[in-house]
Structure formats: structure tokens, C-alpha cells
Amino acid sequence: MSIFSNSKSKEEKKALKADKAAKAELQRKTNTLNQAFREGRISMSDFTKANMALTQEYALAKAGVITTQKQTMPVAQQQPTQPTANAALNSNDREIRRSAVEKLTDHAILENVAKNDNDFRVYELAIQKVSNQRVLADIAISSNDSNKGYCASLAITKQDLLADVAKRSKCEKALIEVVKKLEDKALLAEIAKNNEYFRVRAEAVMKLDDQVLLSYIAENDIDDYPRREAIKKVVDQDILFRIAISNNDDSTRNAATGRLTNQNNLAEIARNDDYYGVRLTAVRNENMQDQTTLEYIVKNDKKGQVRMAAADKLADTTIAQIGYDYAAQHDDEWIIRQKAVEKVANQDVIADILKNETNSSVRVIAIGQLMDKNLAIKLYTEMANNSKEVEAYAKSMLFKLGSVPSFTSTSDLLKTVDNMMPGEDGINILLTYLDKTDLWDRKDKGYYFYLLARNSRNLGYKEASYAYYAADIANRPVSTTFGWSVLKDEGVLPSSTVPSPEIAFDLHKRLPIPRTLDEIKSYSTV
């Protein structure tokens, strides 16, 4: 028994010693591995594999299968020497590569990364750290990655290198940036005439002042963008007029028309151009004041928007109504009909619109032009009940006409007012319900006072808004945060205030609410 006991004790001691040594070695290697990973010297996949190997090694060492002699880690996991930097830069993990670039100071390696790494976040950082302008120019010229070429072009400042890139690069994004900085007028002219990219040509045009060349481009470039940029700088009215009446592109004619100053030229275009957008530009041109032409357009143009623009400049308001009536009834865009109907006074025209118009946004404005207020109230009530799209507007108009619309609930009332245009109308509508709020639940009351606060604030009555915000938080001390934020930001409450019902009630008591619009305008918290 004694011999067996001693033998077992020795085995236990041996096992404990092996386990202790294995743990110590595992901890040392784990610490070294973790440091290598934090410094970006090994990738995530390599880190995971090494961890698994260490775990297996510990199990074998504990079992006594292998010894636990200290072993040096691979070079890539030791000190951050040049080979370790290369290992990080060759990692499949872009974050490790980017981290390595952040620490790099070797210009040759930075240039190599800038040229050869394919990940934007890595090469962008490398390019930013490259100081050799020739290298940057070579990247902008030769890179097949448009983003890489663009990044390089941003850092080039030397004019000779900018010119070299401008002549040799095929990267559109890089060329645009280079042209912005280029000062060589002859080269800019060459680019404006012959570069394959229309955006690059347009960028060059913006830097030209040669009127002959600008006129040539304005008339002959195959794309409208460079043409329009050239037209902005052409001063010869004869050339502009020739472009405005003869160019086949609508946007080019439109750009030229906008720069005309001669009344007769504008009148010819306003009467005769096939595209309504060009006719509209001619009419809106500040130099167009020919009343005879404007009257002709009001009576004859096929597009209601053009007629309305001419009517706006016509001195004879009776004739101008012809343009508004036509636009309100016949323009093919509802937004134009809506704008025109606001200027229609003829009740027969309004009646015709209400009979035939299908768009509720136009109809709701037409109702407001009715002189028969009882009919307007009837129609607004129908729209408020049947059209969600214009319900809020219809109900606000009923208020203005002195007719209180029906609401399914207090919440419905408040949501309707919330959707209305802010201002005095909204405040006046809300104030008509002030005496009824005592019957509402606290959530609705808080919402009500918030709307009064918002409308007052939007009109510039900040002092009154504080009283309404105080009433809001007094009713909703926990469920709302906006009122608390405003009152703290404006210094009404200390910024350190912790919201509570007691503080809210006390502030509400100190800031009594204004009950009329006049009281809102004159309210003072002092």
C-alpha cells in the first residue's frame, strides 16, 4: 500500500508540474498573439487558426505528449519591423492593411500601396500620405480605378503635372478635378473643343473667356451641357439670337433665350418657338415688356402656363384675366391650374372649374374664389368629409368662413390643426376651443398647448410660446420631451432640470397662458 501511495503521489506531482508549465506557456504565447493582432500584424483568419493551435498544444502539453519549451513566435508576430509591416499590408483583411498604412512612414511602401491596393479605404489613405507629385500624377494617368485616379488628382498642385494628367489621363473624374486647377489657357481651349467627356469639356469652358471659341462651342458642341456653359459666357447678342432660333436642342435654345436683351428678338421667340419652355423663358425674361406681344400670348398661346406668365406682366388687368381663366381651365398640369385659379375672378369660370375639374387640390382652391359664401361652406363641408387629401385645408377654410367643421374626436381636431399651415389662422382656430379644454383628457390638452406653442413660436412670439410649452409639460410631464428641451435650451428652466410633474406644474402656475391673439403678441415673462 505504501509503495503504491508514494508512486501515485509522484505521478500527481508530475502532472501538476506539466499542467502549470503548459498554462504558463499558453499564457505567454496568447499574450504575444493578441498583441500581434491588435497591431495589425496578422489577419483575423490567421489569429483564429493560431488560437486553435495553441489550445491543441496546451492539451498535448498537459498530457505530457509534448514538452513546454519556450518557442519564438513567427517573425510576423514579433517586433514591428519592415517584414511585419509587409505581412500586414498583404493581409486579406482591409482593416489590417489600413491600420498598417496609418503607421507607415516609408514613402516607397506608401507609393506602392497607393498604386496597387484595390480597396478604396486603403489606397485613399495611402494617396493622402504620398508626397511625390510625380507618383500622384502617374496614378491619375494610368489607374483603371476611377476613384483612385480621382483621389490622386485631388492632391496634385504643380501646373506641369496637372497639364500632363490633362493630356494623358482617361479618367473622367480625375480630369474634371485637374481642369478645375489648370491655368494653361491654350490647353483648356484644346480640352474644351476635343476632350471625349462632355463634363470635362464643360469644366474647361467655365474657365475660358475667348469669345470666338465660346461662340463656336455654344453652337457646335455635340452635348447640351458644354453648350449651355458656353452660352452663359457669350456676350454677342446676334450669336445668342441665332442659337435661340436655330438650335435643335430645346435646353440650348432656352439657355440662349434667357440671355437675350432685344425686345424684338424676344417677341419673335415668345410667339413662335415650338417648345413651350422656351416661349415661357422669353416671356419671363426681364427685358420682355412689349405689351402687344404679351397680349397676343395671353390670348393665343397653347400652354396655359405661358399665358399666365404673360398675364402677370400685362398692364391691362382685364385682358390678363383671359390668361388666368385659360390656364385654370386648360393647362395639362394640375399644379399650374391650381396657381391660376387663385387669380380667377370670373364666377362663371369658377363654376365651370367646379363642374369639370377632377383634381381635389384645384377644386379646393376654386371653392375659395366663390363669392357665394354659403355655397363655399357647403362645398368645403363636402370636401372635408369626403377627401382625406384636402381635409385639413377644407376645414381650415370653414373656420375662416365662420363655420365650425365637425370632428369625430378631440384627437381628430388636433391632428387636423396640426396639418394646417402654421400661423395666425391656426392660432385663432385653436383659441376658439380654449374654454373646452377642461373637458379633455390630459394627453389631448398637452397636444393642444403644444400646437399653440409651435404656432406662436413660428410667428416670433417666443415669450408666449414658453407659457404654452409650460402648459404642455404640465399636462404631459412624462410622455413629452420636446417642451422640456425647448424650455431648458431657452434658459426658462436650468439645463440641469430633471423633468417632474412638480416642476412642470410650478412653471405652468408662474406662466399663465395668453387667451387671445393680442395677448400672445404682447406677452412677457418678465
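Bear in mind that the values in this text are calculations on the coordinates, not laboratory data. Since we're looking at a predicted model, the values are computed, not measured. With ideal geometry, Cβ positions are generated from the backbone for all residues, glycine too; neighbour counts draw on all protein chains shown.
To the nearest 10 degrees, how steeply does helix 94-103 sit against the main Cα axis of the chain, on a 0 to 90 scale? Once rounded, one gets 80 degrees. Among the listed pairs K343/K400; K103/K181; K103/K167; K415/K521; K436/K462, a Cα-Cα separation exceeding 29 Å is found for K103/K181; K103/K167. Translational diffusion coefficient of the chain (Stokes-Einstein, Kirkwood radius from Cα pairs, 20 °C, 1.002 mPa s): 67 µm²/s.
With θ taken as phi - 60° and the Karplus curve 6.51 cos²θ - 1.76 cosθ + 1.60 applied, the whole-hertz 3J(HN,Hα) list for region 163-180 is 5, 4, 4, 4, 7, 10, 6, 10, 8, 4, 5, 5, 4, 4, 5, 5, 4, 4 Hz, x standing for glycine and proline.
Contour minus end-to-end for L375 and D236, with contour as 0.36 nm per residue of separation and end-to-end as the Cα-Cα distance? All intermediate terms of the calculation are to be shown ahead of the outcome.
Numbers: separation 139, 0.36 × 139 = 50.04 nm, distance 5.76 nm.
Gain in length upon complete extension: 44.3 nm.
Working from label points 7 Å from Cα in the Cα-to-Cβ sense, the T497 to E389 distance is 4.4 nm.
In order along region 429-439, phi translates into HN-Hα couplings of 5, 4, 5, 5, 9, 4, 6, 9, 5, 4, 8 Hz, rounded to whole numbers, per the Karplus curve 6.51 cos²θ - 1.76 cosθ + 1.60 with θ = phi - 60° and x for Gly and Pro. Taken along its three principal axes, the alpha carbon spread of region 207-272 comes to 33, 20, 13 Å, from the longest extent down to the shortest.
Straight-line cross-link reach from K509 at under 13 Å between alpha-carbon atoms covers these aspartates and glutamates, not counting any fewer than eight positions away in the same chain: D472. Within the shell of other residues whose beta carbon sits under 12 angstrom from the beta carbon of K129, the net charge comes to -2, with Lys and Arg scored +1 and Asp and Glu -1. The relative contact order of the chain, computed from alpha carbon pairs under 8 Å that lie at least 6 residues apart in sequence, is 4 percent. Straight-distance candidates among the lysines for linking to K23, with alpha-carbon spacing under 18 Å and chain neighbours fewer than 8 residues away dropped: K13, K14, K62, K70. Counting only alpha carbon atoms, the long axis of helix 211-220 and the longest principal axis of the chain meet at about 90°. Across region 380-429, the mean sequence separation of Cα contacts (distance under 8 Å, 6 or more residues apart), normalised by length, yields a relative contact order of 32 percent.
Helices in the chain, meaning DSSP H runs of at least 4 residues, each add -39500 (n - 2.57). Divided by all residues, the mean residue ellipticity at 222 nm is -21000 deg cm²/dmol.
Near K167: Cβ cut-off under 12 Å, other residues only, Lys/Arg at +1 and Asp/Glu at -1. The net charge is -2. Put simply, the convex hull of the Cα atoms in region 416-526 casts, on average, a shadow of 6.5 nm².
Whole-Hz Karplus values for region 281-294 come out as 5, 4, 5, 7, 3, 4, 7, 7, 10, 5, 5, 5, 5, 4 Hz, taken residue by residue from phi with 6.51 cos²θ - 1.76 cosθ + 1.60 and θ = phi - 60°; glycine and proline positions read x. All other residues whose Cβ lies under 12 angstrom from that of K355 are scored, Lys and Arg at +1 and Asp and Glu at -1, for a net of -2.
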